[in-house]
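A.B. asks: Handing you a structure now.
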Amino acid sequence: MKLTKYITIACIFSLLACSEPVKVTPLAYPQVFSGETSKTWTIRSIQFLQDGKGTQTFNLDGCVTDDQYVFFNDFEKTYQVKNGASKCDADEPDLIVDSNWSFVNASATLTVIVPILASDALPFIVKEVDKTKLVIDIYFEDRKSSYRINFKTSSGD
């Protein structure tokens, strides 16, 4: 009986002695999109995916692939799309979109405006993201077909 008591006390002390303080790390995952202050992405390719059929990759003009998609790491989550060096239309403004972006980690949903697809913000599913690559999908209602947009950045922030 005494032996059980001493073993129980020893176990309690050993558990208390081995405990480490819990470090709370704030969620910084959205910084993959925005870097410390801002991050600029460009479209590498756009694909059309359909269940049971091959993937179709669109040939994009240079005036589309040099547009800059800028994610800012500010309180408002500012988002801008700027024309690159070559404009598709000479009358286009330098700033195409001035809006906000949002990301929901639970559903991997990135909501942004991609002017080549729509003039409103759309909910894209993040398929892959790292410091230099971003792949997002937007699904059609049938959930069997989607557009996939592949972005790249030279910034490794």
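A.B. asks: Could you grab me the full set of residues in region 61-87 that are outside any strand (DSSP E or B) and surrounded by 14 or more Cβ atoms within 10 Å (Cβ to Cβ)?
C.D. replies: Restricting attention to region 61-87, the residues satisfying the condition of being outside any strand (DSSP E or B) are 61-67, 73-77, 83-87.
Within region 61-87, Cys63, Val64, Thr65, Asp66, Asp67, Asn73, Lys77, Asn83, Gly84, Lys87 meet the criteria.
A.B. asks: Moving on. Could you list, in sequence order, all residues of region 135-157 that are assigned to a loop (DSSP other than H, G, I, E, B) and over 15 Å from the mean Cα position of the chain (by Cα)?
C.D. replies: Selection gives Phe140, Glu141, Asp142, Arg143, Lys144, Ser154.
A.B. asks: Let me ask something additional. Could you grab me the full set of residues in region 58-77 that are in contact with a Ser or Thr (Cβ under 8 Å, 6 or more places away or on another chain) and among the polar types (S, T, N, Q)?
C.D. replies: Matches in region 58-77: Thr65, Gln68, Asn73.
A.B. asks: Tally up the residues in region 123-134 that are under 8 Å from the mean Cα position of the chain (by Cα) and either more than 14 Å from Pro30 (Cα to Cα) or buried (at least 18 other Cβ atoms within 10 Å of the Cβ) (or both), please.
C.D. replies: Going through region 123-134 one residue at a time, the tally reaches 2.
A.B. asks: Could you list, in sequence order, all residues of region 104-124 that are touching a Phe, Trp or Tyr at 6+ places or on another chain (Cβ under 7 Å) and either touching a residue at least 40 places away in the same chain (Cβ under 8 Å) or of a type outside the set (S, T, N, Q) (or both)?
C.D. replies: Scanning region 104-124 gives Asn105, Leu110, Val112, Leu117.
A.B. asks: Write out, first by first residue and then by second, each pair whose Cβ atoms fall under 6 Å of each other, whose residues are 6+ apart or on separate chains, and whose first residue, in region 41-53, is among the aromatic types (Phe, Trp, Tyr) while the second is outside any strand (DSSP E or B) and modelled with pLDDT under 95.
C.D. replies: Here the result reads Trp41/Thr153, each pair linking region 41-53 to a residue that is outside any strand (DSSP E or B) and modelled with pLDDT under 95.
A.B. asks: Using the structure shown, decide if Thr65 is free of Cβ contacts under 8 Å to residues at least 24 places away in the same chain and under 14 Å from Phe151 (Cβ atoms).
C.D. replies: Yes; evaluated as a whole, the condition is true for this residue.
The values are calculated or read from the model by the stated rules, or taken from the named source; none is laboratory data. Quick caveat, the model's predicted, so the values are computed rather than measured. Cβ atoms come from the backbone with ideal geometry, glycine included; neighbour counts cover every protein chain shown.
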